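The values are calculated or read from the model by the stated rules, or taken from the named source; none is laboratory data. Computed from a predicted model, the values in this text were never measured in an experiment. Cβ sites come from the backbone with ideal geometry, for glycine too, and all protein chains shown count toward neighbours. Accessible surface is based on the protein model in full, side chains and every heavy atom, while ligands, DNA and RNA are left aside. Shrake-Rupley method; radii C 1.70, N 1.55, O 1.52, S 1.80 Å.
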Amino acid sequence: MIKKAIFGGTFDPIHNGHLHIAYEALYKLNLDKIIFMPSGNPPHKLEKRVTDAFLRYEMVKTAVRNEEKFEVSSYEVTKDNLSYTYKTLEYFTNLEKETKWYFITGVDCLMDIENWRNYPEILRLCTFVVFNRPGYSIEKVLEKKISLENRYNSKIVFLDIPLLEISSTSIRKDVKEGRKVSHLMPENVCCIIEQLKLYQ
Ligand code: ATP
């Protein structure tokens, strides 16, 4: 059976932390493909300023272009309305019904999932692959995982591996303060940030 994962995120910008967990998921779950899905207008970040969706999409595209098992989808960035994960999953799982679908995410999203629109549908349509992030207690995460699995008869894979302590927020802050960020992301992404003077 073909196994594919959707890796949703704002990717503002994409960084080595994202690529690291994508490779871990690829190898640990023996996936055939990971589809990076930059969000259009993320409902949960409406109050924040987010870089133009197409620019974020371009940064992801350039970051993954050398890995044949990674691809980027413009599905959410080309939508006029808000992008909801359950809609995206419904679309892709309908398109390829024989594929086993996964959804890659950080533990911050798992802990917040009950605030996502139609989240039981999300858990029904795919296997969640959750990576730990600094600041979360493993006991609480496992408690949440078991409670969601029992309530929705779903499968959540929790991967507690050493992670890179990088976030898009810290990168944006570093750029603003004039610090170098080239070691935190693929070179081409850094070039886009420099050329377009993003995050300044
Ligand atoms: P921001 O700091 O703007 O919130 P972010 O760095 O968390 O951004 P997102 O685009 O929101 O990046 O992340 C997409 C997904 O990747 C989220 O599920 C997030 O938890 C996860 N993620 C991001 N950075 C890391 C990291 N360094 N290690 C593990 N997971 C990460």
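Out of all the residues in the range 57-66, is one or more assigned to a loop (DSSP other than H, G, I, E, B), more than 16 Å from the ligand (Cβ to nearest atom) and either closer than 29 Å to Tyr199 by Cβ or in contact with a helix residue (DSSP H, G or I) (Cβ under 6 Å, 6 or more places away or on another chain) (or both)?
yes
Out of Ser168, Ser154, which single residue is within 12 Å of the ligand (Cβ to nearest atom) and under 20 Å from the mean Cα position of the chain (by Cα)?
Every option except Ser168 fails the conditions.
Which of the residues that make up the range 1-26 are of a type in the set (Ser, Thr, Tyr) and near the ligand (Cβ under 7 Å from one of its atoms)?
Thr10
Restricting attention to the range 100-115, and to residues there that are in contact with a Phe, Trp or Tyr (Cβ under 8 Å, 6 or more places away or on another chain) and touching a residue at least 60 places away in the same chain (Cβ under 8 Å), which single residue is farthest from the ligand (Cβ to nearest atom)?
Trp101
Every residue in the range 1-42 that is assigned to a helix (DSSP H, G or I) and of a type outside the set (Val, Ile, Thr), please.
Keep residues of the range 1-42 that are assigned to a helix (DSSP H, G or I), which gives 16-28.
Those that are assigned to a helix (DSSP H, G or I) and of a type outside the set (Val, Ile, Thr): Asn16, Gly17, His18, Leu19, His20, Ala22, Tyr23, Glu24, Ala25, Leu26, Tyr27, Lys28.
What are the pairs, 6+ residues apart or on separate chains, where a residue within the range 148-168 that is in contact (Cβ under 8 Å) with a residue 40 or more places away in the chain has its Cβ under 9 Å from a residue that is open to solvent by less than 50 Å² (accessible area, probe 1.4 Å) and away from the ligand (no atom under 16 Å from the Cβ)?
Ile156/Glu149
Six or more apart or on different chains, Cβ atoms under 6 Å: show the pairs whose first residue is in the range 12-40 and in contact (Cβ under 8 Å) with a residue 60 or more places away in the chain and whose second is open to solvent by less than 10 Å² (accessible area, probe 1.4 Å) and charged (D, E, K, R).
Sorted first by the residue in the range 12-40, then by its partner, the pairs are Asp12/Arg56.
With respect to the numbered conditions (1) open to solvent by 60 Å² or more (accessible area, probe 1.4 Å); (2) of a type outside the set (D, E, K, R); (3) modelled with pLDDT of 95 or more, which one is the sole condition not fulfilled by Asn81?
Every listed condition holds for Asn81 apart from (3).
Take the residues in the range 102-151 that are basic (Lys, Arg) and more than 28 Å from Phe70 (Cα to Cα); name whichever of them is farthest from the chain's Cα centre (by Cα).
Filtering the range 102-151 for residues that are basic (Lys, Arg) and more than 28 Å from Phe70 (Cα to Cα), the one farthest from the chain's Cα centre (by Cα) comes out as Arg151.
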